[in-house]
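**Q** Sharing a structure, written as structure tokens. Questions coming.
Laboratory data are not the source of any read-out in this text; all were calculated from the coordinates shown. All values derive from a computational prediction rather than experimental measurement. As a convention, Cβ positions derive from the backbone with ideal geometry for all residues, glycine included, and neighbour counts pool all protein chains shown.
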Amino acid sequence: MLSQGIEQSETPPALPTEPLADYDVKQDVGFYQLALRKLRRHRPAMISVGVLAVLTIASVGGPFLLPAQWDQPDLYHQFSAPGFPHLLGTDELGRDLLLRILTGGRVSISVGLLATLVTIVMGVSVGTLSGYFGGLLDNLLMRFTDAILCIPTIFLLILIAASFGHTPEVIILAIGLTAWPDTARIIRSVVLSVREKEYVEAARAIASGHTKIIVRHILPNALGAIVVSATLNIGAAILAESTLSYLGLGIGPPIASWGSTLFHAQQFIWEAPYYALFPGTMILLTVLCINFIGDGLRDAFDPRSFER
């Protein structure tokens with residue numbers, strides 16, 4: 001009887017006959033993998049990524065593929081209606097409007113990206129220092145941030161552009177240096193929460209330096225807020241550049257942008273309505289896609305939205 005019991009206890013359990021694919025096997029995945037999965041399920045964001053990719057590729061490579069020159073006037077074909085060979089028509093100097101819009105897209109998107117880079121560097125630096133160290137430094141930085149927020153952004157942009165010129169470098173710095181306070185306040189709130197976590201306290205306990213704690217523990221946990229803020233700031237920067245150009249204070253000729261093209265088109269709105277329609281549509285479509293992507297990223301990086 002004892003030997004039979006031993007033999008029965010040593011008998012291996014029966015293996016399942018069904019394939020392993022039919023079982024619900026859960027794997028441990030990281031936070032960013034979960035966020036990416038949720039972003040992929042956000043249909044408006046994914047459609048916007050595709051549309052924005054097409055617009056960017058067309059703006060970068062289109063002028064090299066089309067035969068005409070974007071700044072070459074042709075006074076014999078002023079205000080030609082959309083058709084062949086000018087698919088979107090021509091402007092008051094006979095220049096191909098499609099080429100000017102593609103070239104302007106390169107300028108507008110570049111201004112949006114570079115201005116956002118300045119905004120993120122300033123905002124993340126101020127927000128991180130303010131939230132991590134607190135005390136007097138926090139009060140000084142936040143009061144300075146509040147002072148910038150009290151001044152309407154458009155007035156600051158007009159003042160800077162009118163004082164230092166209409167070059168792309170000035171416009172990029174003007175937009176970047178006036179848009180960082182919102183990002184700084186967002187990052188500060190995230191840092192205030194993260195600095196109280198147990199792993200940050202443990203890093204302080206083993207005498208880790210402030211720079212190491214910020215780089216290895218604080219900023220990685222604020223990456224979601226940084227990405228969302230950067231995405232939304234790109235659209236705001238493109239709108240700011242278009243607003244300045246529409247007021248005649250943006251990037252000046254011979255460089256073309258969507259805002260400057262729209263500025264020149266407003267005086268011919270009744271004679272050639274397509275002249276203003278196409279650059280305005282490009283601004284609307286680009287900013288709308290960027291906002292959809294920002295909404296998708298915000299939902300994806302929200303831990304409360306993950307399915308349990």
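**Q** Which of 216, 100, 143, 106 has the fewest other C-beta atoms within 10 Å, and how do the rest follow up to the most?
**A** The order, fewest Cβ neighbours first, is 143, 216, 106, 100.
**Q** Let me ask something else about it. Label 7 Å along Cα→Cβ of residue 170; the stretch 233-259 residues with amide nitrogen under 17 Å?
**A** In the stretch 233-259, the label zone of residue 170 (backbone N under 17 Å from the point 7 Å along Cα→Cβ) covers 241-257.
**Q** Ok, one more. What is the angle, in °, between the Cα long axis of helix 153-164 and the longest principal axis of the Cα atoms in the chain? Nearest 10 is fine, range 0 to 90.
**A** Helix 153-164 sits roughly 60 degrees off the main axis of the chain.
**Q** According to a simple spin-label model (label point 7 Å from Cα along Cα-to-Cβ), what is the distance in nm between residue 196 and residue 47?
**A** So the two model labels end up 4.2 nm from each other.
**Q** Related question: Among 263, 164, 79, which one shows the highest mean-square fluctuation when the chain is modelled as a Gaussian network with alpha-carbon springs under 10 Å?
**A** 164
**Q** Same structure again: Can you put 56, 119 in order, fewest other beta carbons within 10 Å first?
**A** With the fewest neighbours first, 56, 119 line up as 56, 119.
**Q** Would you work out the relative contact order for the stretch 190-308, in percent, from Cα pairs under 8 angstrom that are 6 or more residues apart?
**A** 24 percent
**Q** Run the numbers for residue 146 and residue 65: contour at 0.36 nm per residue of separation, minus the present Cα-Cα distance, in nm.
**A** 24.4 nm
**Q** Next question, about the same structure. Got the relative contact order for the chain handy, in percent, Cα pairs under 8 Å and 6 or more residues apart?
**A** Normalised by residue count, the contact order of the chain is 24 percent.
**Q** I would also like to ask the following. Calculate, for residue 274 and residue 154, the FRET efficiency according to 1/(1 + (r/R0)^6) with r their C-beta to C-beta distance and R0 30 Å; round to the nearest 0.05.
**A** The pair residue 274/residue 154 has a calculated efficiency of 0.60.
**Q** By what distance, in whole Å, do the Cα atoms of the stretch 36-154 stretch along each of the three principal axes, largest value first?
**A** For the stretch 36-154, the Cα spread along each principal axis is 68, 39, 22 Å.
**Q** If each DSSP helix of 4+ residues adds -39,500 (n - 2.57) and the sum is divided by the residues in the chain, what number results at 222 nm, nearest 500 deg cm²/dmol?
**A** That comes out to -22500 deg cm²/dmol.
**Q** Additional query: Provide the three semi-axes, in whole Å and in decreasing order, of the ellipsoid equivalent to the stretch 100-213 as defined by the square roots of 5 times the Cα gyration tensor eigenvalues.
**A** 34, 17, 10
**Q** Nearest 10 degrees, 0 to 90: what angle lies between the long axis of helix 43-65 and the longest principal axis of the chain (Cα atoms)?
**A** Tilt of helix 43-65: around 40 degrees.
**Q** How many percent of the alpha carbon pairs in the chain exceed a separation of 29 Å?
**A** Percentage above 29 Å: 52.
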